[in-house]
Amino acid sequence: MAIGTPVSIGTVQNKTSETTTVLTTTASVPAGAMIIVFYAADGTSELLDSIVDSAGNSYTKATGSGSGTDVVAAIWYKANAAELSSGGTITLDWYLTTNPAAKAISAFYVEGIATTSPLDGTSTAAGGTGTTPSVSTQAATTQ
C-alpha cells in the first residue's frame with residue numbers, strides 16, 4: 001500500500017493553565033492508520049506526560065525539543081491505531097508541576113505507514129533566535 005495523503009483530524013489552542021487538554025476530532029480515523037499529534041507550548045522543558053484517545057489508543061513520543069528554550073514542541077504518534085470516530089477525543093496529560101499556560105495542538109492521520117516499527121529516524125534542533133528557524137540535521141529514512 002502506498003503512503004496516503006495526511007488528513008487533518010483537528011486542532012485546539014488556548015491560553016489556559018490546565019492539567020489536561022482535549023482535542024475533539026473533526027474526521028474519522030480508519031483502523032490501521034497512523035495518528036500523529038504535534039504540540040507547541042510555553043515552557044522550558046518537556047511538559048507532556050501522556051496522550052490517549054477515546055478509542056483506547058496510547059501514543060509514543062517520536063521527538064521533541066525544549067531544553068533551555070521558551071517554547072517546547074514535540075511529535076507523538078500511534079501506529080496501527082484503532083478506529084477513532086469523528087467527535088472522538090485525544091487527551092494530552094501535562095505534568096502536574098508544569099502545566100503550560102499557552103499551547104497549540106494539531107493532529108492528523110496517514111494511511112499506508114508500516115504498522116510495526118514505523119519510526120525509522122528522528123532529528124531535532126533547539127535554540128536560536130529570529131524569525132527564520134532552520135534545522136541543519138537530517139535523519140536518514142528507510143521506509
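The values are calculated or read from the model by the stated rules, or taken from the named source; none is laboratory data. Keep in mind it's a predicted model, so treat the numbers as computed, not measured. Cβ placement follows ideal geometry from the backbone for every residue including glycine, while neighbour counts extend to all protein chains displayed. Heavy atoms of the whole protein, side chains included, go into the accessibility calculation; ligands, DNA and RNA do not. Shrake-Rupley method; radii C 1.70, N 1.55, O 1.52, S 1.80 Å.
By a straight-distance test (C-alpha under 18 Å), which lysines pair with Lys15 as possible cross-link partners, with residues fewer than eight away in the same chain excluded? Filter leaves Lys103. Computed on protein heavy atoms with a 1.4 Å probe, the accessible areas place Glu111, Glu18 in the order Glu111, Glu18, largest first.
By the rule of a C-alpha distance below 16 Å, with chain neighbours fewer than 8 residues away ignored, the lysines paired with Lys61 are Lys78. Relative to the current alpha-carbon distance between Ile3 and Asp42, full extension at 0.36 nm per residue lengthens the span by 10.7 nm. What FRET efficiency, computed as 1/(1 + (r/R0)^6) with R0 = 25 Å and r the Cβ-Cβ distance, is obtained for Ser117 and Ser50, rounded to the nearest 0.05? Given R0 = 25 Å and the Cβ-Cβ separation, E is 0.75. In this simple spin-label model, placing a label point 7 Å from the Cα along the Cα-to-Cβ direction at both Val71 and Tyr95 gives a separation of 2.0 nm. Approximating the spin labels as points 7 Å out from Cα along Cα→Cβ, the Ala104-to-Thr19 distance works out to 2.8 nm.
Between Val12 and Ser85, the modelled labels are 1.8 nm apart [label points 7 Å from Cα along Cα→Cβ].
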